[in-house]
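The values are calculated or read from the model by the stated rules, or taken from the named source; none is laboratory data. Bear in mind that the values here come from a model prediction, so they are computed numbers and not experimental data. Here the Cβ positions follow ideal geometry from the backbone for every residue, glycine too, while neighbour counts run over all protein chains shown. Quick note on the areas: whole protein, heavy atoms, side chains included, nothing else; ligands and nucleic acids left out. Shrake-Rupley method; radii C 1.70, N 1.55, O 1.52, S 1.80 Å.
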Amino acid sequence: MAIKSLINYLVGYETKRKKLLKKVPKGPLHDFLSVPFPALDTPIDKLPILAVDFETTGLDAKVDKLLSVGFASIDQEQIKLNTSYHQIIKAKTLLEESNVIIHQITDAQKEQGQPLGVVVEKLLKALAGKVMLVHFARIERQFLQQACLELYGFRPDFPMIDTLVVAKRQLDKRDVSYDPSELRLSNLRHQFKLPDHHGHDALNDAVATAELLLAQMANRADSDNVILKDIIL
């Protein structure tokens, strides 16, 4: 898996970043792409990480909308709550009742939110030079790429660490069957004796994911030797 990650990085993220940087005009995306990604041999305890979570109106980034963004940084294996950020987005869509029940964001709250461009610019500034940490990467990757396409006309790639994938790799090593529900954020946190958290709030989930990663790394027998290429997607 480390070899696959290395190949993906060398011919993927860093190459794509440099190529796209030449095409993107000055602005938030250009500023983000101007900062190199962390080196693959960066030890996990030295790795600059931004834990990120989105709330959305659905699962299809092409038709659904971003509703809120939450993030907090991890520096030297410490969650920096003074860097935390949470913002509801003024999405141009009417929310369905079934969706509101999950994320607790109402149309009235949404109308008081910030424009998508303002929130994405804030996220890209915080993410520059860091690796994005998420739980279930498909949502954050696709929605952020789609937002960048709408705002800037380009779909950048983002190096990510996914706590779901980290857990799945460890379970797969056991070579025994397991219930996919074990990979849910709340269930994984319970496995590591982490406290319950209020889910479906972007900032709460971002911090919960950061706590889970630190627990996952501390639980590894090789925790002192883990570097970025061992866990990058």
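With a threshold of 25 Å on the Cα-Cα distance, the over-threshold entries among Lys26/Lys80; Lys122/Lys193; Lys65/Lys122; Lys122/Lys168 are Lys26/Lys80; Lys122/Lys193; Lys122/Lys168.
Equivalent-ellipsoid semi-axes (√(5λ), Cα gyration tensor) for the range 101-233, whole Å, largest first? The partial results should precede the final answer.
On the way: eigenvalues 167, 76, 35 Å².
Semi-axes, largest first: 29, 19, 13 Å.
Distance between the pseudo-spin-label points of His200 and Lys80 (7 Å out from Cα toward the beta carbon): 3.2 nm. The order of the peptides 194-202, 31-39 by mean Cβ neighbours within 10 Å, most packed first, is 31-39, 194-202. For Glu211, Glu111, the ranking by accessible surface with the largest value first comes to Glu111, Glu211, using a 1.4 Å probe.
Compute the orientation-averaged projected area for the range 157-233 from the convex hull of its Cα atoms and round it to one decimal in nm².
Details: hull surface 23.8 nm².
For the range 157-233, the mean projected area of the Cα convex hull comes to 5.9 nm².
On a per residue basis, the range 137-233 carries 49 Å² of accessible surface, using protein heavy atoms and a 1.4 Å probe.
Can you pull the percent of Cα pairs in the chain with separation above 30 Å?
Numbers: 6412 of 27028 pairs.
So the portion of pairs separated by more than 30 Å is 24 percent.
Label separation (Val176 vs Gln112): 5.0 nm, computed from points 7 Å beyond Cα along the C-beta direction. Using the Kyte-Doolittle scale, find the helices of the chain whose mean hydropathy is at least 1.6 and whose Cα atoms extend 20 Å or more along the helix's long axis, counting only whole DSSP H runs. Long hydrophobic helices here: none detected.
Only sites in a loop by DSSP and with at most 11 other Cβ atoms within 10 Å count here; which trypsin sites (Lys or Arg not before Pro) in the range 159-233 make the cut? Don't skip to the answer; put the middle values down first.
Values: sites: Lys168, Arg169, Lys173, Arg174, Arg184, Arg189, Lys193, Arg220, Lys229; in loops: Arg184, Lys193, Arg220.
Within the range 159-233, the qualifying trypsin sites (Lys or Arg not before Pro) (loop, at most 11 other Cβ atoms within 10 Å) are Lys193.
Close amide-amide hydrogen proximity is noted between Thr56 and Leu67, each under 5 Å apart and 5 or more residues distant or on a separate chain (H modeled in the peptide plane; Pro and chain starts excluded).
Remark: the His190-Lys62 segment gains 42.7 nm on full extension, using 0.36 nm per residue and subtracting the alpha carbon distance.
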